[in-house]
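Everything on this sheet refers to the single structure shown next.
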Amino acid sequence: MKILVSGGAGFIGSAVVRLAMTRGHAVVNLDALTYAACLDNVAEVAQDPLYAFELADIRDRAALDRILSDHKPDVIMHLAAESHVDRSIDGPGDFIETNITGTFNMLEAARKYWTDTGKPKGFRFHHISTDEVFGSLPEDTSVRFTEETSYDPRSPYSASKASSDHLVRAWHETYGLPVVLTNCSNNYGPYHFPEKLIPVVILNALAGKPLPIYGTGENIRDWLFVEDHADALLLVVEKGAPGRSYNIGGENERTNLELVRALCTILDSLQPKVNGGSYADQITFVTDRPGHDARYAIDPSRIRDELGWRPSVTVKEGLERTVRWYLDNRDWWMKLMKRDGVGQRLGKG
């Protein structure tokens with residue numbers, strides 16, 4: 001199978017590219033190489049004859065038409081997006097242009113390509129989205145997001161992703177484009193760009209800087225190891241029913257404070273401080289993010305029951321693997337620390 005992956009030099013996209021290549025698929029990596037992208041993420045597969053890279057922006061319709069015509073993919077996995085909530089608060093325009101207009105361009109290019117090639121039965125447009133489109137959950141752990149949960153986005157980022165989800169469903173209903181959608185919980189793991197919570201904590205801890213936690217740290221997230229997510233995404237694009245959506249969760253709920261303390265414990269073990277203290281001493285509570293959702297949690301029953309997928313990595317195992325990866329790959333993240341906005345508090349409103 002030949003897969004076109006938009007955003008394949010990003011965090012989740014590169015995990016999809018690497019896994020797809022190890023399974024023998026041909027991959028076309030379409031990426032604009034914005035600030036959060038890094039071709040080092042796919043360096044291990046870049047010399048494979050089944051791999052191709054296209055430098056292009058999903059806002060450029062003509063480029064999308066050319067790429068689809070040249071490479072003739074069997075399926076499209078659309079991951080290209082602006083994804084950092086704090087940046088969306090400071091500059092929502094980029095999120096509207098990329099996540100909404102860019103997705104519109106991807107859909108129209110895909111529809112033209114699918115039609116021009118005779119509407120092959122196996123073609124799929126897989127739109128990868130987030131659980132943040134559903135808004136915020138109560139503390140009651142019996143309540144989780146399902147595929148039927150009403151949309152209630154609270155940030156410019158989640159609103160832009162909700163809009164793109166609606167476009168994808170509309171193109172299926174109106175034009176018959178064979179689409180599948182997935183909404184995932186918070187990802188983490190190797191190659192996570194160093195502006196998100198887990199890498200920020202790891203790298204600040206190593207640098208002796210404060211470990212910033214928004215508000216009181218009681219906000220809850222469901223954590224999904226990125227390689228588990230990539231496995232689920234490939235399963236959905238291969239076996240998901242057209243028009244169907246699937247929620248992908250790690251079944252690993254933690255408060256932000258619990259998560260940061262767990263990371264500190266792992267670091268205390270793997271990279272002990274010279275003075276014998278704990279990295280937890282660096283925890284600092286900072287002013288909360290505007291509109292910060294209280295809790296996210298995914299009910300993954302549909303993907304488990306219909307497609308047989310379950311996460312394989314516990315949050316304890318995944319966090320240790322992640323910390324080890326950052327300790328072993330300093331050259332990767334040190335270059336990225338120089339990029340615009342990295343290491344700064346964004347999204348104050």
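The values are calculated or read from the model by the stated rules, or taken from the named source; none is laboratory data. Being a predicted model, the structure only gives us computed values, none of them experimental. With ideal geometry, Cβ positions are generated from the backbone for all residues, glycine too; neighbour counts draw on all protein chains shown.
Cβ separations smaller than 7 Å between residues 6+ apart or across chains give the following pairs from the range 264-289 residues that are within 18 Å of Gly215 (Cβ to Cβ) to residues that are of a type in the set (Ser, Thr, Tyr): Phe285/Thr216; Val286/Tyr214; Asp288/Tyr214; Arg289/Tyr214. Within the range 293-305, the set of residues being in contact with a Lys or Arg (Cβ under 8 Å, 6 or more places away or on another chain) and among the acidic types (Asp, Glu) comprises Asp293, Asp299. Across the range 33-56, the number of residues qualifying as surrounded by 17 or more Cβ atoms within 10 Å (Cβ to Cβ) and among the β-branched types (Val, Ile, Thr) comes to 2. When the range 13-32 is filtered for residues that are hydrophobic (A, V, I, L, M, F, W, C), crowded, with 24+ Cβ neighbours inside 10 Å and within 18 Å of the chain's Cα centre (by Cα), the ones remaining, listed by number, are Ala15, Val16, Val17, Ala20, Leu30. Restricted to the range 279-315, and to residues there that are exposed (fewer than 15 other Cβ atoms within 10 Å of the Cβ) and among the small types (Gly, Ala, Ser), the residue that is modelled with the lowest pLDDT is Ala294.
Of all residues in the range 281-302, those satisfying the criterion of being within 27 Å of the chain's Cα centre (by Cα), of a type outside the set (D, E, K, R) and not in a loop (DSSP other than H, G, I, E, B) are Ile283, Thr284, Phe285, Val286, Ile298, Ser301. Within the range 108-133, the residues that satisfy the criterion of being within 17 Å of Ile248 (Cα to Cα) and either without any contact (Cβ under 8 Å) to a residue 60 or more places away in the chain or assigned to a loop (DSSP other than H, G, I, E, B) (or both) are His127, Ser129, Thr130, Val133.
For the range 8-50, a residue qualifies if it is of a type in the set (A, V, I, L, M, F, W, C) and without any contact (Cβ under 8 Å) to a residue 24 or more places away in the chain, and the qualifying residues are Ala43, Ala46.
A Cβ distance below 6 Å, combined with a sequence gap of six or more or placement on separate chains, defines the contacts here; from the range 57-84, residues that are buried (at least 24 other Cβ atoms within 10 Å of the Cβ) reach residues that are part of a loop (DSSP other than H, G, I, E, B) and not hydrophobic (A, V, I, L, M, F, W, C) in the pairs Leu79/Gly7; Ala80/Gly7.
Restricting the search to strands (runs of 3 or more DSSP E) fully inside the range 158-257 and requiring at least 2 residues that are more than 14 Å from the chain's Cα centre (by Cα), of a type in the set (D, E, K, R) and surrounded by fewer than 22 Cβ atoms within 10 Å (Cβ to Cβ) gives 253-255. None of Gly24, Gly7 is more than 17 Å from Phe123 (Cα to Cα) and out of contact with any helix residue (DSSP H, G or I) (no Cβ under 6 Å at 6 or more places or on another chain) except Gly24.
Across the range 137-146, the number of residues qualifying as surrounded by 17 or more Cβ atoms within 10 Å (Cβ to Cβ) and part of a loop (DSSP other than H, G, I, E, B) comes to 2.
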